[in-house]
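Okay, so here's the structure we're looking at.
The values are calculated or read from the model by the stated rules, or taken from the named source; none is laboratory data. All values reported here derive from a predicted model rather than from experimental measurement. Note that each Cβ is placed from the backbone with ideal geometry, even for glycine, and that neighbours are counted across all protein chains shown.
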Amino acid sequence: MYFVANWKMFGNLKSINTLDKVIKFSKSKEIKKGRLIYCPPNTLIGSFYKKFQNCLIDIGAQNCHESDHYGSHTGFVNSKMLKSVGANYVILGHSENRKKGENDKLINLKIKSAINAKLKVIFCIGETLSEKKKSKTKSILSKQINVGLNKIKKKSNIFIAYEPVWSIGTGKIPKNKDLEKIVQFIKSKFKGKSPKILYGGSVNPQNINDLKKINNLDGFLIGGASQNAKKFIDIVKKTYS
Ligand code: PEP
């Protein structure tokens with residue numbers, strides 16, 4: 001199982017000390033088969049890279065520019081630059097960025113550039129509450145997948161994170177039976193081997209006991225709770241207990 005920590009726009013140099021507990025845990029038998037990936041803000045990727053030198057915790061970024069080249073794009077970094085400072089993953093299509101105007105076509109270009117730079121992609125998809133109420137979940141997910149992954153043949157480096165927008169940071173999570181159907185639906189969109197599928201949205205140490213029962217899920221994308229080392233470790237431990 002993969003446990004991806006999305007720190008969003010939180011954290012500074014001092015917060016790096018909170019990782020000691022997680023590093024210790026990552027070297028213990030308690031981690032079982034859990035794979036940990038931290039996605040801090042870009043300002044901290046280099047420091048996380050140094051901190052994780054002697055352990056198996058991996059690093060990802062939270063977004064990238066769509067261009068493969070260096071260029072005049074003030075305020076942005078591309079996937080090559082992220083790879084060069086230690087990132088092996090990048091989260092793309094997060095709803096917080098879709099809300100700011102990123103559309104499926106732009107996300108598709110970003111995914112292609114990330115793959116060219118040999119980054120693994122955590123591709124976020126999910127419906128809003130009003131789309132859910134109008135029973136549009138499947139058509140929204142289909143469009144996000146079809147356009148987002150258009151002309152990308154090799155999908156082995158892509159993870160799909162199903163993150164219902166109404167669940168992010170709200171404490172609300174889908175019912176297990178609904179989530180299972182959606183995981184099945186996402187898998188059915190792929191001929192042959194489907195990408196690994198993660199769930200994201202308000203995962204915490206209280207609800208993980210229910211969420212871990214979902215069939216065919218390969219892990220979790222965790223925002224708020226991942227910023228607290230104890231909660232993050234608890235989520236992993238409970239997944240395997
Ligand atoms: C996220 O930001 O991807 C996320 C799932 O956040 P939270 O766990 O806080 O809902």
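I'd like the residue in the range 53-84 that is within 21 Å of V22 (Cα to Cα) and surrounded by 15 or more Cβ atoms within 10 Å (Cβ to Cβ) and, out of all such residues, is modelled with the lowest pLDDT. Let's see the steps before the verdict.
Taking the range 53-84 first, the residues within 21 Å of V22 (Cα to Cα) are 53-62.
So of that shortlist, the ones also surrounded by 15 or more Cβ atoms within 10 Å (Cβ to Cβ) come out as 55, 57-62.
Values: C55: 95, I57: 98, D58: 98, I59: 98, G60: 98, A61: 98, Q62: 98.
The residue in question is C55.
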Checklist (1) surrounded by fewer than 16 Cβ atoms within 10 Å (Cβ to Cβ); (2) modelled with pLDDT of 95 or more; (3) away from the ligand (no atom under 16 Å from the Cβ) applied to N88, failing item: (1)
Subset of the range 91-114 [within 16 Å of the ligand (Cβ to nearest atom) and of a type in the set (A, V, I, L, M)]: I91, L92, I107
Pair list, Cβ under 9 Å, 6 or more apart: the range 168-180 residue closer than 13 Å to N204 by Cβ, other residue assigned to a helix (DSSP H, G or I) and of a type in the set (D, E, K, R): I168/E96; I173/D210
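Which of the residues belonging to the range 6-60 are among the basic types (K, R) and in contact (Cβ under 8 Å) with a residue 40 or more places away in the chain? Give the steps one after another, and end with the answer.
Looking only at the range 6-60, we keep the residues that are among the basic types (K, R), and these are 8, 14, 21, 24, 27, 29, 32-33, 35, 50-51.
Selection gives K8, K21, K32, K33, R35.
Here is a yes/no grid of residues against (1) farther than 22 Å from L221 by Cα; (2) touching a residue at least 60 places away in the same chain (Cβ under 8 Å); (3) touching a helix residue (DSSP H, G or I) at 6+ places or on another chain (Cβ under 9 Å):
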site	(1), (2), (3)
I111	no, no, yes
T137	no, no, yes
S156	no, no, no
F159	no, yes, no
Test: residue in the range 65-81 that is in a helix (DSSP H, G or I) and touching a Leu at 6+ places or on another chain (Cβ under 7 Å): yes
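Is it the case that some residue within the range 91-101 is of a type in the set (K, R), out of contact with any Leu (no Cβ under 8 Å at 6 or more places or on another chain) and over 24 Å from N146 (Cβ atoms)?
The initial filter retains those residues of the range 91-101 that are of a type in the set (K, R), namely 98-100.
Retained after the next criterion (residues that are out of contact with any Leu (no Cβ under 8 Å at 6 or more places or on another chain)): 98-100.
Add one more test, that the residue is over 24 Å from N146 (Cβ atoms), and what stays is none.
No, because not a single residue in the range 91-101 is of a type in the set (K, R), out of contact with any Leu (no Cβ under 8 Å at 6 or more places or on another chain) and over 24 Å from N146 (Cβ atoms).
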Test: S167 is of a type in the set (G, A, S) and under 17 Å from the mean Cα position of the chain (by Cα): yes
Residue identified as touching a Ser or Thr at 6+ places or on another chain (Cβ under 8 Å) and within 21 Å of G224 (Cβ to Cβ) among I37, I16, I45: I16
Scan of the range 110-140 for residues that are aliphatic (A, V, I, L, M) and surrounded by fewer than 17 Cβ atoms within 10 Å (Cβ to Cβ), ordered by number: L129
